[in-house]
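This report refers to the structure that appears directly beneath it.
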Amino acid sequence: MNRIVYVGKHALTMAVSRHLHNCWELIYCTSGSALASFDNREIAYAANDILMIPPLLPHSNASRDGFTNIHINLTDTTLTHTEPVLIHADPNGFLLNAFSAAFYYFSEGAAGAQTLLPLYRQLIVASLALAQPGGQHSETIQRIENDILQNYPDCGYDLNAFLSGLPFNTEYLKKMFKKATGLTPRQYLTDKRLESAASILATYCGKGNISETARLCGFSDPLYFSRMFKKKYGVPPRGYIEEESPHAADPDSMKIMV
């Protein structure tokens, strides 16, 4: 069963002797810095870093100037690492808030703790999975990208509905997608639609209707399409046709495009 077993805090600490847990340990360093020592490696971490330590892995912690942290012990079958993982992934304090809330509900026995603690466990684990290089992060970003590429020509495509259907915080998903691609999911969708429209306009050199081109590329509002197109390419769709007309593709290329 996936659950939080324990949540604790270290006040200013210089060292934690060698020990192990029969479940996962997630350490959020709230201030200072420390060196975690394992049998085969050492990992230095500092404020706002999160160290994920798998079950039954002996380790110790030492610090020259001291450190503080919030540490969570939990069982979770979705975590599959066999080695410790360090994550630098909390510039806005999002995970700190989640760790702090988990500590509050666990230590205070506050009303609703039995309902909310499992939700915080899920939120923390999902957020850490997204923050890791490769693995679930890459798979999730690729899943969003693939869905956009498959559905961008559809004027009725609801990107927000797709994102909210994923088992992660939607705003955090948007931040991670932008970190990976340089664009938010919405910007990525709009960009693909505009690139498709530019390709159609250049290929058919004005033989098509601007409104029809907009519809074929997922824009239900031709005026909005024209405004966004000019913003990206510096000219409105009709002007782009005039610029591209000398470079019209031959009929065979047009057949391939279709």
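The values are calculated or read from the model by the stated rules, or taken from the named source; none is laboratory data. Only a predicted model underlies this, so the values are computations on that prediction, with no experimental measurement involved. Here Cβ is always computed from backbone atoms with ideal geometry, including for glycine, and neighbour counts include all displayed protein chains. Heads up: the accessible areas ignore ligands, DNA and RNA and are worked out on the full protein's heavy atoms, side chains in. Shrake-Rupley method; radii C 1.70, N 1.55, O 1.52, S 1.80 Å.
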Once phi is turned into θ = phi - 60°, what whole-Hz ³J(HN,Hα) does the Karplus curve with 6.51, -1.76 and 1.60 give for every residue of region 24-34, x standing for Gly and Pro? 5, 10, 10, 10, 9, 7, 8, 6, x, 8, 7
Roughly how many Å is it from the Cα centre of region 148-171 to that of region 68-127, as a whole number? 27 Å
Of (i) 18.6; (ii) 15.5; (iii) 13.2, which one was derived for mean projected area of the Cα convex hull in nm² from the structure shown? (i)
Which whole-number percent gives the relative contact order of the chain, counting Cα pairs below 8 Å spaced six or more residues apart? 15 percent
Using 0.36 nm per residue of separation minus the Cα-Cα distance, give me the extension gain between Thr13 and Asp154 in nm, one decimal. 45.1 nm
Computed over the chain, protein heavy atoms only, probe 1.4 angstrom, the accessible area per residue in square angstrom equals 53 Å²
Which Rg and Dmax, in Å, describe the Cα atoms of region 52-109? 13.4, 36
Accessible-area order for Val235, Val5, largest to smallest, probe 1.4 angstrom, reads Val5, Val235
Taking a crude spin-label model, label points 7 Å out from Cα along the C-beta direction, the Ser199 to Asn40 distance in nm is 4.6 nm
Quote the FRET efficiency, to the nearest 0.05, computed for Leu216 versus Gln122 with a Förster distance R0 of 45 Å and r equal to the Cβ-Cβ distance. 0.65
Taking the Cα atoms of region 79-225, what is the range of coordinates along each of the three principal axes, in descending order and whole Å? 69, 35, 24
Solvent-accessible ranking of Lys192, Lys179, largest area first, probe 1.4 Å: Lys179, Lys192
Could you please put Thr190, Thr30 in sequence from largest to smallest accessible area, using a 1.4 Å probe? Thr30, Thr190
In region 22-106, carbon and sulfur make up what percent of the accessible area (probe 1.4 Å)? 52 percent
Let me see the P(r) profile for region 141-193: every Cα-Cα distance counted, bins of 5 Å, each bin given as a percent of all pairs. 4, 21, 36, 26, 11, 2
With bins 10 Å wide starting at 0, give me the P(r) of region 1-99 over every alpha carbon pair, in whole percents. 16, 52, 30, 2
Would you mind getting me the FRET efficiency between Ala110 and Thr82? Use the beta-carbon distance for r and R0 = 41 Å, nearest 0.05. 0.70
